[in-house]
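The values are calculated or read from the model by the stated rules, or taken from the named source; none is laboratory data. Since we're looking at a predicted model, the values are computed, not measured. We place every Cβ from the backbone using ideal geometry, glycine too, and count neighbours over all the protein chains shown.
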Amino acid sequence: MRLGLEVTYPGKAVVMRAGEPSTHVLLIRSGWLKVTGTTLSGHEGLLARRGPGDVIGESAGLDDTVRAVTVTTLEPVVARHVPGEEFSRFLDRHRSAWRQLLALTNDRWRTSDWQRLEQASKTVPQRLARVLLELAGAHGERQEAGIVIRMSLTQHELAGSVGCAREGVTRVLKEFREKGLIATSNRRYVILRPGILRRVSEGKSVTFDR
């Protein structure tokens with residue numbers, strides 16, 4: 001059964017915006033998107049990345065709340081645009097889909113809990129190293145200079161993903177550059193020494209100040 005209509009979004013397009021009514025669900029077929037949230041102080045933080053096979057905006061099929069986050073494409077994206085009522089009827093008819101959606105929601109909650117635990121137990125350099133390695137794994141392109149992360153990120157977004165102030169991320173990025181672990185330019189990041197960066201993420205051998 002094919003739900004909704006197929007839509008194509010260009011790169012850097014906002015497909016869902018925080019504060020807007022939850023009217024539809026997106027079933028991602030190809031391409032990657034970023035999920036961001038805004039703090040009370042107005043800083044935007046990267047919360048998650050979504051890609052092929054993911055469901056975005058599933059609350060539209062469950063209730064009438066407004067969007068809590070903003071979703072932006074990182075590259076051209078193809079998706080199925082499903083109105084909330086149609087998605088809700090589909091769930092009512094297919095209990096297996098309900099179970100899959102519940103499993104997806106639980107998995108996201110577990111990931112969120114794990115991230116909060118990590119923020120409480122690891123240093124900023126460890127957390128930032130892990131985030132950079134994850135981005136390199138999902139969006140990296142190996143070139144002669146190193147692994148280029150094909151994803152434009154502000155330091156505010158990195159700080160939100162790491163769970164610290166932007167100033168902390170700025171300081172650690174500077175340390176990583178000085179030690180030859182990464183290179184940065186215009187919101188782009190290149191991993192120069194992934195092996196050493198992984199040791200940093202694990203708290204081994206290389207020590208940085210908090």
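All of (1) at pLDDT below 90; (2) of a type in the set (A, V, I, L, M, F, W, C); (3) surrounded by 16 or more Cβ atoms within 10 Å (Cβ to Cβ) hold for residue 77 with one exception: (1).
Taken over region 189-210, the criterion of being in contact with a Leu (Cβ under 9 Å, 6 or more places away or on another chain) and modelled with pLDDT of 85 or more is satisfied by 189, 191, 192, 193, 194, 196, 197, 198, 200, 201. Say whether the condition of being loosely packed, with under 13 Cβ neighbours inside 10 Å and under 18 Å from the mean Cα position of the chain (by Cα) is met by at least one residue in region 94-102. Looking through region 94-102, none of the residues is loosely packed, with under 13 Cβ neighbours inside 10 Å and under 18 Å from the mean Cα position of the chain (by Cα). Residues that are modelled with pLDDT of 85 or more and either of a type in the set (Val, Ile, Thr) or not assigned by TED's automatic domain parsing to the domain that holds residue 180 (or both) within region 143-161 comprise 147, 148, 149, listed in sequence order. Only one of the listed residues (193, 188) is outside the structural domain of residue 69 (by TED's automatic domain parsing) and over 25 Å from residue 44 (Cα atoms). That residue is 193.
Taking the criterion of being of a type in the set (Val, Ile, Thr) and under 14 Å from residue 11 (Cβ atoms), the residues of region 49-81 that qualify are 71, 72, 73, 77, 78.
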